[in-house]
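Trainee: Quick one: structure below, then a few questions.
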Amino acid sequence: MAKFKVGISRDAITTNGTIFGEKAFKVLEDPAVEWEFLPENVSELPKEYGDAYDAICLMSAKLTRKTLAGQNRKVKLIARFGVGYDSVDVPACTEKGVMLTITPDGVRRPVAASVIGFVLVLAHRMFLKDRLTREGRWGEKGNYLGSGLMGRTLGVIGVGNIGKEIFRLAQPFGMRLLGCDPHVPQSAVVSLNVTMVDKDTLLRESDFISVNTLLDEQTKGLIGAREFALMKPSAYFINTARGPVVTESALIDALRSNRIAGAAIDVFEKEPVAPDNPLLKLDNVILAPHAICHTDECMSLLGQGAFRAAVDLAHGRKPHLIVNTEVLKHPAWRGKFHA
């Protein structure tokens, strides 16, 4: 009997091995499974990959309708490393009977810790003080006081898996906590001492604003010139979600004009970021290459989650955390799994 074949994104390969570590790959040590890295590091998966693998564990490449268009299509599962799936054509997957899974447990704590890290770095003006020291400007330190967190307001737009974890980690700092999410009622965050408000109220009252939403038609351009105009001049803006959630030109204008105090940005409208992107020349913004949460902990959990989904399906078990649950009504899966 042929083994269940799993293809893994080549962008998981590093000079020292892989980003996932040995513990994650032990999940694939299963007699029903064989695996390999995809033949090439591509920006969009060709249909040949859809024909060759039962499951594809995917990092950053796009999966389009073309990927699933082969007459000999074999792929049944796309297991995303992470929670975002804006690079995957979900309707095409559902139509073709292909499951899409995500790995929220892998990113919950690492992304939340990254946001808190950004808050601390911005509040203490850490990069500026590093520069003062390196440039021999010791005597100027009194001109660059940081901001204490006690009593300051942290606002989080998108109070889901990661947003709630940010609030958990923020508890010891004595901050006022505001949340904005049309899908999260006040009752869901009472234990975290969070007050749910509308977006404009959060923008006006917060000292630190973190965006933690998925990217979809409703959230694209969610933060633009109007939203930056509502923020305090002393406010700091943090985006670890997806670049297009923010209108980048409006962010640049807000930083250039000192409309806000600063920002920490891990994601961009176009990635990799262009060498002439104005953000690279501004000194009131901290930048990261869509990797601020990339720790050994994060990558191991992402790998374990995605690989476990593939192994489960190889054994006829329904994978956890299916995004397109309506796919289970497809003839390929109808009646295959017990409730």
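The values are calculated or read from the model by the stated rules, or taken from the named source; none is laboratory data. These numbers come from a predicted model, not from an experiment. All Cβ positions, glycine included, derive from the backbone under ideal geometry; neighbour counts span all protein chains shown. Note: accessible area is taken over every heavy atom of the protein model, side chains too, but ligands, DNA and RNA are not part of it. Shrake-Rupley method; radii C 1.70, N 1.55, O 1.52, S 1.80 Å.
Trainee: Under 20 Å from the mean Cα position of the chain (by Cα) and buried (at least 17 other Cβ atoms within 10 Å of the Cβ): does that describe Ala12?
Mentor: Yes, satisfied.
Trainee: Then there's this: Checking the conditions here, which among Asp276, Asp283, Asp312 is surrounded by 15 or more Cβ atoms within 10 Å (Cβ to Cβ) and not small (Gly, Ala, Ser)?
Mentor: Asp312
Trainee: In region 134-164, what count of residues is obtained for those that are farther than 30 Å from Val194 by Cβ and loosely packed, with under 10 Cβ neighbours inside 10 Å?
Mentor: So the answer is 7.
Trainee: So the check is Cβ under 6 Å with 6+ separation or different chains; which pairs have a first residue in region 223-248 that's within 15 Å of Asp266 (Cα to Cα) and a second one that's of a type in the set (D, E, K, R) and part of a loop (DSSP other than H, G, I, E, B)?
Mentor: Correct list of pairs: Thr240/Asp266; Gly243/Glu269; Pro244/Lys220; Pro244/Glu269; Glu248/Glu269.
Trainee: Taking Phe337 as the residue in question, decide whether it is under 22 Å from Phe208 (Cα atoms), in a loop (DSSP other than H, G, I, E, B) and among the aromatic types (Phe, Trp, Tyr). If you could, list the steps in order and put the result at the bottom.
Mentor: Numbers: under 22 Å from Phe208 (Cα atoms): no; in a loop (DSSP other than H, G, I, E, B): yes; among the aromatic types (Phe, Trp, Tyr): yes.
So Phe337 fails the test.
Trainee: In this structure, is Met59 without any contact (Cβ under 8 Å) to a residue 12 or more places away in the chain and open to solvent by 10 Å² or more (accessible area, probe 1.4 Å)?
Mentor: no
Trainee: Could I ask something else about it? Is it the case that some residue within region 287-301 is part of a loop (DSSP other than H, G, I, E, B), out of contact with any Gly (no Cβ under 8 Å at 6 or more places or on another chain), more than 26 Å from Arg80 (Cβ to Cβ) and touching a residue at least 12 places away in the same chain (Cβ under 8 Å)?
Mentor: no
Trainee: Same structure, new question: Would you mind finding the one in Thr67, Thr94 that is open to solvent by less than 10 Å² (accessible area, probe 1.4 Å) and hydroxyl-bearing (Ser, Thr, Tyr)?
Mentor: Selected residue: Thr67, the only one of Thr67, Thr94 that is open to solvent by less than 10 Å² (accessible area, probe 1.4 Å) and hydroxyl-bearing (Ser, Thr, Tyr).
Trainee: Please count how many residues of region 62-84 are touching a residue at least 60 places away in the same chain (Cβ under 8 Å) and hydrophobic (A, V, I, L, M, F, W, C).
Mentor: Residues that pass the stated criteria total 4.
Trainee: Give region 224-269 a look and list any residue that's open to solvent by 50 Å² or more (accessible area, probe 1.4 Å) and closer than 11 Å to Val285 by Cβ, or say none.
Mentor: Passing the criteria: only Arg256.
Trainee: Ok, one more. Please verify whether Val33 is at pLDDT 95 or above and either open to solvent by 30 Å² or more (accessible area, probe 1.4 Å) or farther than 22 Å from His290 by Cα (or both), treating the condition exactly as stated.
Mentor: It is true that Val33 is at pLDDT 95 or above and either open to solvent by 30 Å² or more (accessible area, probe 1.4 Å) or farther than 22 Å from His290 by Cα (or both).
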